Each structure stands twice: as structure tokens, then as C-alpha cells.
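Reviewing the structure listed below.
The values are calculated or read from the model by the stated rules, or taken from the named source; none is laboratory data. Source: prediction; values computed, not measured. No Cβ is skipped: glycine too gets one built from the backbone with ideal geometry, and neighbour counts run over all protein chains shown.
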Amino acid sequence: MELKRILAKDIRRATEKAVALYGKDVLFVSNSKVNGMTEVIVAVEVEPEHTEPPAHLGDGEQFHNALTSSFKALTNGATASAAPAVEDQDEEMIYNGKGEVETAASLANNERDYIRGREIVDLVRDELSAIRKEFKLAQRVAMYQSNHMGHPSVKPLISALSEASIPVSLRTLLVDHIRDMEDLATAKEALQTHLANSMGEHHAKLPQSGIHAIAGPAGAGKTTMVAKLAKAAAERKSAEDVAVISYCDQRAGAWSQIQMLCAQSGVDCLRANNPEMLSTLLAELGSRKLILIDTPGVEVAIRTHEIVGCAPNIECHLVLPADAAATTVRKYLLDPSLEWKSLMVARMDESNQPWPLIQFLCEHQVPLSAASDSPLVTSALRVLSAANLVSLAIQSLELDDVLSKNNEITQEVATENTIMTAAQALVERLEKRTHVN
């Protein structure tokens with residue numbers, strides 16, 4: 001299965017284009033607004049190039065087995081290439097010393113890629129399962145919504161909710177809440193107030209002292225969040241009182257990236273590749289007022305448990321992108337083995353569809369702490385609140401143009417009524433004079 005991206009002027013044209021290109025059975029994954037265009041992501045079945053897999057395996061299992069075989073072959077090839085080709089052992093160690101280091105690094109990268117690939121397979125499988133459930137629920141709700149269209153004045157808002165990437169259950173509740181309202185501006189304000197009240201305000205303090213681990217999936221913005229927290233603490237206290245530790249992150253360029261970011265604020269940056277080294281560093285940095293630990297994006301639960309076991313009173317914070325899928329949100333926030341001090345949201349400048357996150361926060365009480373609106377370290381963090389997320393989501397509905405047009409129409413009607421009232425008053429005065437005469 002392969003994901004395809006389609007751009008069109010609106011959701012109807014994007015749907016027609018997808019059906020024309022990939023057939024009527026194409027699976028729609030998501031839709032969003034990108035630079036005034038509608039972006040649709042669809043999943044397309046890819047025909048196998050060589051032999052067909054056994055008929056008794058499912059699609060997800062086939063994908064998983066193929067990925068496993070590919071990475072095993074890659075790892076075996078790297079191991080075979082590291083085999084010595086010189087008879088004299090001493091000469092081999094001198095000649096191949098650098099090559100052995102490079103091979104070990106290559107094997108570590110291959111293992112990380114394999115783990116990351118396995119996590120992606122599991123994530124895609126869970127996401128497809130969630131999409132199927134959404135489709136079934138949407139079919140059940142469609143008939144009910146068609147029989148209760150709502151007041152004509154709020155139809156633009158209902159249509160915007162239908163086209164947005166909102167979970168079906170949440171969208172149904174929101175539509176029912178505004179269906180009987182007679183004013184679009186009032187419905188929009190009521191929708192925003194209802195969501196904010198449902199989420200509640202559960203705040204947590206930003207990391208200011210102690211030891212804090214920043215965890216989350218790959219690409220969530222953890223390293224940038226750590227750099228911004230370190231910069232804010234260095235400005236508030238002193239750079240000598242803050243330290244950053246990169247823990248077990250084997251990504252290419254990850255160490256250089258965090259070094260460069262910490263250098264901008266003058267904060268010391270160290271590296272630990274195992275729990276023993278991390279425990280040693282934490283003991284040496286005991287005099288620092290704030291220690292931030294940047295974690296890898298793979299095996300989040302395992303690495304988090306390793307960090308917690310290295311020292312007492314370590315607080316862990318979860319970083320998620322604003323547009324995180326519902327499966328990703330539930331995977332990390334509903335894990336009973338993980339206890340998060342707070343939730344931080346990154347990439348709020350890149351996404352305007354935080355609906356899965358909003359739905360989860362309406363159902364569960366999660367402390368919110370920090371929000372990042374820019375990938376630049378010079379851009380300061382701000383306190384995250386339910387109102388921030390709701391405002392971001394409501395802005396994505398793009399109702400400002402409709403509201404401005406409604407205001408213009410209202411003003412025109414008011415002007416016409418004023419003119420008619422003046423004309424009627426003149427007619428009444430003339431009629432009175434005629435009657436008196």
C-alpha cells in the first residue's frame with residue numbers, strides 16, 4: 001500500500017481527481033488546507049513486482065514480513081562486508097581499524113532504521129484500522145444528519161465542519177450543538193466556548209528546575225523544544241546553571257544539530273549512549289539547576305523507562321505535533337506504563353488541524369505546558385492552553401469571509417429599512433395633512 005498526495009481547489013475536485021486516477025475503491029486517509037488549496041492523502045494498493053505472497057496472509061502482515069526480510073538482508077550484508085580478508089590478525093586490525101568503526105556505525109543505523117520501519121508499519125496498520133471504524137461510523141451518522149440539516153444561517157459552518165479533518169464522533173456532537181442556532185457569528189462563538197469548556201484548563205509549569213526528559217515520536221519537534229527551554233532558562237537564570245544531554249539518539253546529524261542549537265544560547269551540551277553513562281553525567285551535573293534530556297524518536301517507552309531509572313525525581317514531558325493523528329495521540333497518552341508530567345505541542349505554525357488532539361483532551365484531563373509556534377530557537381515558547389488549540393482549529397474552518405459577507409448584507413438591510421421608515425413617515429405626514437384639509 002502506498003500513500004499518494006492530491007491537490008485541488010476544493011474537496012469535491014480532489015475527490016473526483018482521486019477517483020479518476022486510482023478508481024472508485026480508493027481509500028481516503030486525510031484532507032487539509034495547504035496554501036489555499038485542498039490536499040487529499042489517499043492510500044493506493046501497489047501490485048507486487050515479482051512473486052505473489054501467500055493468500056492466507058493479510059495486507060498488514062505481508063507488508064510487515066516484507067519489511068522485516070528487507071532489513072534482515074541489509075543487516076546480514078553489512079555483517080558479511082565486515083569479515084576480515086587478511087590472514088595476519090595484527091595487520092588486519094591496523095588496516096581495517098577505521099573500517100570496523102564505520103561498519104559498527106552502519107549496523108547501528110540499520111538497526112535503528114529497522115526499528116523505525118517496524119514502528120511505522122504498526123502505526124499505519126493502526127491508522128488504517130481507525131479509518132475503517134471512522135467510515136462505518138460516518139455511514140451510520142450520514143442518514144441522521146441528512147434528516148436534520150439545521151438552520152440555513154449556520155449551514156456554512158456545518159459544511160466547514162464536514163470538510164475539516166474532524167473525527168466523526170466529535171463532528172456529530174459539534175453539529176448537534178449549533179444546529180438550531182439562527183446566527184452564524186453566534187454559532188461560531190458558541191462552538192469555540194463549548195470546546196474550550198469541554199477541554200478544561202489543566203496547566204503544568206514549564207521546566208524551570210530539576211531534571212526533565214523531553215520525549216515523543218520522531219519528527220515531533222523534541223530537539224527544538226529542548227533548545228527553546230534551555231534558551232529561556234539561560235536568559236532567566238544563567239547559562240552555567242543549565243545543561244542539555246542528548247540520550248541515545250543515533251540519527252545522522254542529530255548530535256551536530258543539538259550542539260549547534262545549544263551553542264546559540266551558550267548552554268553546555270553532553271552526550272550519553274547508555275543508562276550507565278547517563279547516570280554518570282547526572283551525578284557530575286548535580287550542581288546545575290536545570291538539566292534537560294533530549295530523547296530519540298524510536299522506542300519511546302523503553303528509553304523513557306531507562307531515563308527514569310537513572311536518577312530519582314526525573315519528570316518526563318511528552319511532545320506531540322499539533323496535527324498528530326488520533327492513533328499517535330492515544331498510543332502515547334494512553335500507555336499505562338508512561339506517566340507524563342505535561343503535554344507540549346509543537347509545530348503549531350505548520351498545522352491548523354488539531355482536531356484529534358482536541359477530541360482526546362475533551363475526553364481526558366491532561367496537563368498542558370508549552371507550545372511552539374516556530375522552528376526557530378529565537379522564537380520564544382508560550383504557555384499552552386485549551387483556548388489556543390480551539391482558536392487554531394476554528395481558524396482552519398475559514399469562516400471569516402462568510403461572516404464579513406453576512407455583516408455587509410445585514411448593514412444593507414438595515415440601511416434599506418431606515419430608508420423605508422423615512423419614506424413611510426413622509427407618507428404618513430402627507431396623509432395627515434390631506435385629512436386635516
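Details
- All of CYS248, CYS262 fail the test of being more than 21 Å from SER374 (Cα to Cα), buried (at least 20 other Cβ atoms within 10 Å of the Cβ) and in contact (Cβ under 8 Å) with a residue 12 or more places away in the chain, apart from CYS248.
- Residue list for the stretch 1-40, restricted to those being hydrophobic (A, V, I, L, M, F, W, C), part of a helix (DSSP H, G or I) and closer than 17 Å to SER162 by Cβ: ILE11, ALA14
- Selection status of SER374, of a type in the set (Ser, Thr, Tyr), modelled with pLDDT of 75 or more, surrounded by 13 or more Cβ atoms within 10 Å (Cβ to Cβ) and not in a helix (DSSP H, G or I): yes
- The stretch 138-177 - residue that is of a type in the set (A, V, I, L, M) and either farther than 23 Å from THR38 by Cβ or exposed (fewer than 14 other Cβ atoms within 10 Å of the Cβ) (or both) and, of those, modelled with the lowest pLDDT: MET143
- Qualifying residue in the stretch 334-346 (condition: closer than 30 Å to ASP10 by Cα, at pLDDT 90 or above and not hydroxyl-bearing (Ser, Thr, Tyr)): yes
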